[in-house]
Amino acid sequence: MASSDPNKLMAKADKLTKLSLTRWSADWKSATQLYEQAAIGYRVAKNHEKAKIAFEKASKGQEMLSSPWDAAKHMESAAALAKEVGNWTEVADFYKRASELYMVCSRPQPASDALAKGARALEDAVPDEAIQLYTEACSILEEDDKEQMAFDLYRAATCVYIKLEKYTDAATFLLRWGLAADKCSATNSQCKAYLSAIIVYLYAHDFKQAEKCYNDCSQIDVFLRNDHGRCASKLLSAYSEGDIEEIKRLGQSSTISNLDHVIIRLARKLPTGEVCALKTEAAEEQEEPLDENDLT
């Protein structure tokens with residue numbers, strides 16, 4: 001049937017949105033319906049590129065009709081098709097736009113979800129962009145006081161950072177997760193996040209930062225009295241004493257075995273650097289320095 005040909009539907013819709021001597025205003029209502037029909041037709045025919053363009057135009061039409069929710073839905077469909085054709089720039093742009101449209105509807109949860117979908121789609125191809133989208137998705141939920149809904153996003157972003165070997169960034173994001181968990185009284189998640197951050201610093205062989213992180217987290221009583229806090233303390237003590245066997249034993253402990261898999265893998269590889277040097281440094285710091293000017 002001629003009217004079901006998506007190419008003809010697109011041509012007719014485009015004509016309805018263009019002004020001319022005989023058409024003084026665009027008929028967005030009719031055009032949008034045609035774009036939607038064409039998009040479905042292209043998608044069924046697995047013509048992903050044309051379906052993507054049709055959904056993008058349908059989204060624009062819904063915007064013109066003051067229907068941001070439907071516009072967001074169509075933009076998400078366009079983003080999914082952009083992924084199919086490997087256009088990573090459009091994947092990011094379309095999911096961001098969908099998120100903005102959901103926010104126009106005052107719907108932060110789907111706005112965050114749209115960014116998370118984009119991040120997952122980009123993890124392998126453009127991991128740095130994926131991290132940015134995960135971060136923005138977390139921010140939306142944090143601003144809406146729904147931190148608990150963001151836990152999977154904190155976890156996902158941390159995993160990408162670790163894959164990229166950006167350990168300082170991974171630890172920073174884990175501490176952000178800990179703070180979010182504290183706000184919603186998720187004590188277990190909070191303590192897990194803090195211990196995980198310390199493990200990441202140790203894996204990166206940054207003992208000083210791991211120690212500083214532990215000291216900061218220990219200001220929070222619930223961590224200090226928790227199994228995770230005690231495990232962190234034992235780990236740092238083992239490093240200070242150069243006790244490789246104790247470090248390995250703790251890496252196999254039940255406390256660490258209950259952390260996220262990506263953190264468990266790091267913990268099981270500890271120690272990654274020379275720990276005897278840490279023992280020497282600790283001993284030197286404890287010795288009283290000789291003051292050559294003091295002859296008494």
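The values are calculated or read from the model by the stated rules, or taken from the named source; none is laboratory data. Only a predicted model underlies this, so the values are computations on that prediction, with no experimental measurement involved. Counting neighbours? That spans all protein chains shown, and the Cβs are built from the backbone with ideal geometry, glycine included. The protein model used for the area step is the full one, side chains on, heavy atoms only, and it has no ligands, DNA or RNA in it. Shrake-Rupley method; radii C 1.70, N 1.55, O 1.52, S 1.80 Å.
Assorted remarks:
- Residue ID - modelled with the lowest pLDDT, chosen from residues in region 1-43 that are within 17 Å of LYS60 (Cβ to Cβ) and assigned to a loop (DSSP other than H, G, I, E, B): LEU19
- Just one of the listed residues (VAL104, VAL126) is in contact with a Pro (Cβ under 6 Å, 6 or more places away or on another chain) and either more than 29 Å from CYS217 (Cα to Cα) or open to solvent by 70 Å² or more (accessible area, probe 1.4 Å) (or both), namely VAL104.
- For region 252-296, the candidate set comprises residues that are modelled with pLDDT under 95 and touching a helix residue (DSSP H, G or I) at 6+ places or on another chain (Cβ under 6 Å); within that set, the residue that is farthest from ILE199 (Cα to Cα) is ALA282.
- Qualifying residue in region 187-194 (condition: assigned to a helix (DSSP H, G or I), under 20 Å from ASN258 (Cβ atoms), modelled with pLDDT of 95 or more and touching a Cys at 6+ places or on another chain (Cβ under 6 Å)): yes
- Residue check, ALA92 touching a helix residue (DSSP H, G or I) at 6+ places or on another chain (Cβ under 7 Å), surrounded by 24 or more Cβ atoms within 10 Å (Cβ to Cβ) and in contact (Cβ under 8 Å) with a residue 12 or more places away in the chain: no
- Considered as a group, the residues in region 10-51 that are over 39 Å from the mean Cα position of the chain (by Cα) and closer than 25 Å to VAL85 by Cβ include one that is surrounded by the most Cβ atoms within 10 Å (Cβ to Cβ), and that residue is LYS12.
- So TYR214, is it out of contact with any strand residue (DSSP E or B) (no Cβ under 7 Å at 6 or more places or on another chain), open to solvent by 20 Å² or more (accessible area, probe 1.4 Å), under 30 Å from LEU141 (Cα atoms) and of a type in the set (Phe, Trp, Tyr): yes
- Residue within region 60-68 that is in a loop (DSSP other than H, G, I, E, B) and not hydroxyl-bearing (Ser, Thr, Tyr) present: yes
- Taking the criterion of being open to solvent by less than 50 Å² (accessible area, probe 1.4 Å), without any contact (Cβ under 8 Å) to a residue 40 or more places away in the chain and touching a Lys or Arg at 6+ places or on another chain (Cβ under 9 Å), the residues of region 248-264 that qualify are LEU250, GLY251, SER253.
- Selection count, region 65-110, where residues are hydroxyl-bearing (Ser, Thr, Tyr) and closer than 25 Å to GLU142 by Cα: 4
- Given (1) in a helix (DSSP H, G or I); (2) β-branched (Val, Ile, Thr); (3) out of contact with any Gly (no Cβ under 8 Å at 6 or more places or on another chain), number of the condition VAL91 does not satisfy: (3)
- Within region 52-77, tally of residues that are small (Gly, Ala, Ser), open to solvent by less than 70 Å² (accessible area, probe 1.4 Å) and out of contact with any helix residue (DSSP H, G or I) (no Cβ under 7 Å at 6 or more places or on another chain): 1
- Filter pass, ARG230 being basic (Lys, Arg), at pLDDT below 95 and farther than 18 Å from ARG176 by Cβ: no
- Qualifying residue in region 136-144 (condition: crowded, with 22+ Cβ neighbours inside 10 Å and closer than 23 Å to ALA238 by Cα): no
- Residues that are within 23 Å of ALA267 (Cβ to Cβ) and assigned to a loop (DSSP other than H, G, I, E, B) were ranked within region 124-173; the one that is farthest from the chain's Cα centre (by Cα) is GLU165.
- Contact map, region 231-245: residues that are over 11 Å from TYR214 (Cβ atoms) and outside any helix (DSSP H, G or I) paired with residues that are open to solvent by 10 Å² or more (accessible area, probe 1.4 Å) and of a type in the set (S, T, N, Q), Cβ distance under 9 Å, separation 6+ or inter-chain. Pairs shown: GLY242/THR280; ASP243/SER237.
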